[in-house]
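Undergrad: Take a look at the following structure, please.
The values are calculated or read from the model by the stated rules, or taken from the named source; none is laboratory data. Please read all numbers here as calculations on a predicted model, not as lab measurements. All Cβ positions, even for glycine, are placed from backbone atoms using ideal geometry, and neighbour counts span all protein chains on display. These area figures cover heavy atoms from the full protein model, side chains too; ligands, DNA and RNA do not enter into them. Shrake-Rupley method; radii C 1.70, N 1.55, O 1.52, S 1.80 Å.
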Amino acid sequence: MKRIGPSLIAATLVVALGGIGCKKSEPPPPPPPPTTTTPTTTLPAAFGVSAVTLGNAIGADKKVTAASETFGVNDTIYASVDTAGAGHARLRALWSFVKGEKTAKVDETTIEFESAAPTVSEFHISKPGGWPKGDYKVEIFVGDATTPAMTKAFKVG
Amino acid sequence: MVATGDKNPAAPGNKKPADDEMPDFSDVQSGASSTAPAAQAFETYVVVKGDTLSKIAKRVYGSANSWQKIFEANTDVLKDPNKIFPGQKLKIPAKS
């Protein structure tokens, strides 16, 4: 049997101990999490009513020439509606006569348009036989909403 | 635009309405316009029994021949101009 020499044993020990002392190589760092970027594009502002003004005449800009909430029996009554926002717009004006707790529908008109900038729309009503004196209101609805975006009360007489 | 639709029925004759009666608004005329280009104004008319597009056109525009104007404005809900039913809501374009 062949004997193993002391030098070979020492060399084997050095290699083995050296291996223990070596640091195991670390795994590569995990990739950084994907960065979430906040969209920088600005969504168009929702279409909405900013003001309703009543009067008995309007100008070319569809705005009433003199705001009023009391009208004569033979007046044409205008509601000038300021809107802002982009997209397809539908405005509905519901005119009502108010007597105590009761209301009677006077008229309902809808207008549709493509809105890209602040817009002024006008609704008007007239009555050849003259308006009954009393209290009235006009409610402005946006789209299919069942609650008015804005309501204005006015008086005739 | 001549007011149409579900407004109060005309009071009989020229009788002054009683205190609890509401006035008659059947002769109200209305309209709308906008600074937005290509704005379309219309009234909503609720079909009642016995209505035809010609009858509605006669009442609104003064001419039964204008029924097509109403039909064209309502092609999303009407496929046949001879088939309208009570309760149906139609867009009535403004007089031009």
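Undergrad: Considering only region B:46-71, how many residues are open to solvent by 30 Å² or more (accessible area, probe 1.4 Å) and under 19 Å from A:THR109 (Cβ atoms)?
TA: Let us first name the residues in region B:46-71 that are open to solvent by 30 Å² or more (accessible area, probe 1.4 Å), namely B:46, B:48-50, B:52, B:54-55, B:58-59, B:61-69, B:71.
Now drop any that are not under 19 Å from A:THR109 (Cβ atoms), which leaves B:46, B:59, B:61-62, B:66, B:69.
Of the residues in region B:46-71, 6 are open to solvent by 30 Å² or more (accessible area, probe 1.4 Å) and under 19 Å from A:THR109 (Cβ atoms).
Undergrad: Right, here's the next one. Only residues that are farther than 19 Å from A:THR119 by Cβ, in a strand (DSSP E or B) and touching a Gly at 6+ places or on another chain (Cβ under 8 Å): list them for region B:25-47, please.
TA: Within region B:25-47, B:GLU43, B:THR44, B:TYR45, B:VAL46 qualify.
Undergrad: Residue check, A:GLY130 against (1) out of contact with any strand residue (DSSP E or B) (no Cβ under 8 Å at 6 or more places or on another chain); (2) within 11 Å of chain B (Cβ to nearest Cβ); (3) free of Cβ contacts under 8 Å to residues at least 24 places away in the same chain, all met but one. Which one?
TA: (3)
Undergrad: Specify the residue that is nearest to A:SER50 (Cα to Cα); the eligible residues are those in region A:104-157 that are among the aromatic types (Phe, Trp, Tyr) and within 22 Å of the chain's Cα centre (by Cα).
TA: Per the criteria, the residue is A:PHE141.
Undergrad: Return the residues of region B:35-64 that are out of contact with any Pro (no Cβ under 8 Å at 6 or more places or on another chain) and more than 14 Å from chain A (Cβ to nearest Cβ); say none if nothing qualifies.
TA: Within region B:35-64, B:GLY50, B:THR52, B:SER54, B:LYS55, B:ILE56, B:ALA57, B:LYS58, B:ARG59, B:TYR61, B:GLY62, B:SER63, B:ALA64 qualify.
Undergrad: Looking at region A:63-157, what strands (runs of 3 or more DSSP E) fall wholly within it and have at least 2 residues that are open to solvent by 40 Å² or more (accessible area, probe 1.4 Å) and under 13 Å from B:SER33 (Cα atoms)? Reasoning before the result, please.
TA: Working: elements: A:77-84, A:87-99, A:102-115, A:119-126, A:134-142, A:150-156.
Hits in region A:63-157: A:87-99.
Undergrad: Within the group A:GLU122, A:GLU101, A:GLU114, which residue is out of contact with any Cys (no Cβ under 9 Å at 6 or more places or on another chain) and more than 10 Å from every other protein chain (Cβ to nearest Cβ)?
TA: A:GLU101
Per-residue answers, yes or no, for (1) of a type in the set (A, V, I, L, M, F, W, C); (2) under 13 Å from A:LYS137 (Cα atoms):
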{"residue": "A:THR53", "(1), (2)": "no, yes"}
{"residue": "A:ASP75", "(1), (2)": "no, no"}
{"residue": "A:GLY85", "(1), (2)": "no, no"}
{"residue": "A:GLY100", "(1), (2)": "no, yes"}
{"residue": "A:THR110", "(1), (2)": "no, no"}
{"residue": "A:ALA117", "(1), (2)": "yes, no"}
{"residue": "A:GLU122", "(1), (2)": "no, no"}
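Undergrad: Tell me yes or no: at least one residue of region A:68-87 is away from chain B (no Cβ under 13 Å), among the hydrophobic types (A, V, I, L, M, F, W, C) and either in contact (Cβ under 8 Å) with a residue 60 or more places away in the chain or farther than 24 Å from B:LYS95 by Cα (or both).
TA: Yes, some residue in region A:68-87 is away from chain B (no Cβ under 13 Å), among the hydrophobic types (A, V, I, L, M, F, W, C) and either in contact (Cβ under 8 Å) with a residue 60 or more places away in the chain or farther than 24 Å from B:LYS95 by Cα (or both).
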